[in-house]
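First up is the structure itself, then whatever we jot down about it.
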Amino acid sequence: MARDGRGLAALALSWLVLIGAVPLIRLLAEGAAGPGATLADPAIWRAAWRSLVVACGAAGFAAVLGAALAWALLLRGPVPARRTLVFCAVLPVLVPPQVMALGWIQTAGPSSPLLLALDLAPPLGTTNPVYSPGGMMLLLGVQGAPLVFLTLAATLRRVPGEAVMAARGLGAAPEAALRHVVWPLLAPALAAGAGLAYVAALGNFGVGALIGIPARYIVLTVLIWQKLSTGGATALAEAAAIALLLAAMAAPALALQGWAARAAPLAGRLPFAPIALGRVRRGVAALVLAYLVAVLLVPLAALAAAALVPAVGVQIGADTVTLRNFTAALAPGSYTARAIGNSLTLSLGAASILALAALPIALSLRRREVKLGSAAADLPYALPGTCTAVAAILVVLSVPGGMALYGSLAVILLAYLTRFQALALRPVAAAAARLDPLLDHAARGMGAGTLRRVVSIHAPPLAPALAAGAILVALTAINEVTVSVLLYGPGTQTLGVLVFTLQDSGQSAQAAAVSCLALALMAGLMAAATLAARRLPAGTLPWRA
């Protein structure tokens, strides 16, 4: 697009500045001008240290687990039921953190309905081992492992098969070829995946709140929520300063990902072929299955058991199973029905808006100013979600009459648009880069204007990529809690917020029931996405890696 594409580029740049640059600038200005005493508070630096410890520990666990899964399911083969195991290996990152946290809480401790039924529950008064820094690290590491696994899977497609063939031809054993040829090429991807897991753990609110608060191990995301909840004249400025501290702590991981992208291997002519496992392949599959049962199936079973008993501490059995919690959750006019409606409205609304916005952006990315604007829009997704939430509050309160919008669905939607634009843009940008420019030149030569060319020439081939971006946004936003817990008001609770507030108020059985409903909703969306997978670009759905 030449001169008559300037209008499209101006539209794209205006949108990127509005949802990307403006919130970040507002956050930076407020945090820099905040009270000087804020960062002198020992509680902030104590929470920062705890956040760093948890995030680094989680990243370490994620790197080990993700690399082990990649070795078993990607580098070696053939593994029985590989596709099913890959699907299950990716699931922990798709299950909402607050739901996983509840499942792990219900798995251990003296009040676990599952352990009581198996007569394995520890004595009353025993501290739940999940309520500890180690429990937070392990859970966040399990949720971060799929990020490492998927990063390794994406890079493995670029590993030249010729290098492995040369090593084997020189007499290298299979493990030696992997150790000396493949893993060095995958090292940047492993570092990048660990960086992703670090940032995800650093900005996680669900695990930090549901496990950290009972463990009296307050991290920065929870401290920001506490500051905003207590109110006060300086609460917002303090929250902004803490959010900037959180962003600064995430910066090294973002730099690491940039280095990893530059150090990625160049693709060869031959794709990498998994090296045969031989007789031990069934044993490897059994080990992967045992891991997935321990970290995924057992916690979800414990969560379901907690939802089916009348109260905490009651063992599940034929005489105690009840649907009372589900009935209460789904009663007409209940908070759950409203929360489901709010979550669907916000996630599907954000997905639709961002998919439409991605089209002009992707078509204008060759322009330098649009590319810079897209980089600004990438930051809110890369940084912890708490930063986005605080920035959204600051932007809304800067607008005349903005106080009336505070706590509304509109504010949460604004934050979702800022947070997830990069997620919607990536598949569309990749598809737009492969479009034949001759089609655009021909249409322009026949007198077609910019709008006509976008609708008739570009939109049809980009439709699958637009749908892919929308699906990724909807799946990510449907159970989001880190952003919405700082922005919701009366009547605007989302599913993620409702699970947290129920558990925080001591209604564990109802929280478990709502969590099961949230999982059912997520499963429905995933099933619909899987049915549409044939029309989506390859690699769109993470569970079909």
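The values are calculated or read from the model by the stated rules, or taken from the named source; none is laboratory data. Model, not experiment: these values are computed from the prediction. Here Cβ is always computed from backbone atoms with ideal geometry, including for glycine, and neighbour counts include all displayed protein chains. Ligands, DNA and RNA are excluded from the accessible area calculation, which covers all protein heavy atoms including side chains. Shrake-Rupley method; radii C 1.70, N 1.55, O 1.52, S 1.80 Å.
The table that follows gives values for the structure above.
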item	result
Criterion: open to solvent by less than 50 Å² (accessible area, probe 1.4 Å), more than 17 Å from residue 520 (Cα to Cα) and in contact with a Leu (Cβ under 7 Å, 6 or more places away or on another chain) - qualifying residue of 288, 309	288
Test: residue 404 is in contact with a His (Cβ under 9 Å, 6 or more places away or on another chain) and either more than 18 Å from residue 487 (Cβ to Cβ) or open to solvent by 10 Å² or more (accessible area, probe 1.4 Å) (or both)	no
Matching entry among 49, 71 (being without any contact (Cβ under 8 Å) to a residue 40 or more places away in the chain and aromatic (Phe, Trp, Tyr))	49
Residue within region 69-88 that is of a type in the set (A, V, I, L, M, F, W, C), under 25 Å from residue 516 (Cβ atoms) and open to solvent by 50 Å² or more (accessible area, probe 1.4 Å) present	yes
Candidate set from region 322-345 (those that are open to solvent by 80 Å² or more (accessible area, probe 1.4 Å) and of a type in the set (A, V, I, L, M)); member that is modelled with the highest pLDDT	323
Where residue 283 falls short, out of the listed (1) more than 26 Å from the chain's Cα centre (by Cα); (2) modelled with pLDDT of 85 or more; (3) closer than 17 Å to residue 86 by Cβ	(3)
Residue check for residue 370: more than 30 Å from residue 485 (Cα to Cα) and not basic (Lys, Arg)	yes
Residue in region 361-375 that is in contact with a Lys or Arg (Cβ under 8 Å, 6 or more places away or on another chain) and of a type in the set (S, T, N, Q) present	no
Residues that are part of a loop (DSSP other than H, G, I, E, B), at negative phi and surrounded by fewer than 23 Cβ atoms within 10 Å (Cβ to Cβ), drawn from region 213-249	213, 214, 215, 217, 218, 233, 234
Residue 299 open to solvent by 60 Å² or more (accessible area, probe 1.4 Å), assigned to a helix (DSSP H, G or I), farther than 19 Å from residue 82 by Cα and of a type outside the set (A, V, I, L, M, F, W, C)	no
Any chance residue 107 is at negative phi and free of Cβ contacts under 8 Å to residues at least 24 places away in the same chain	no
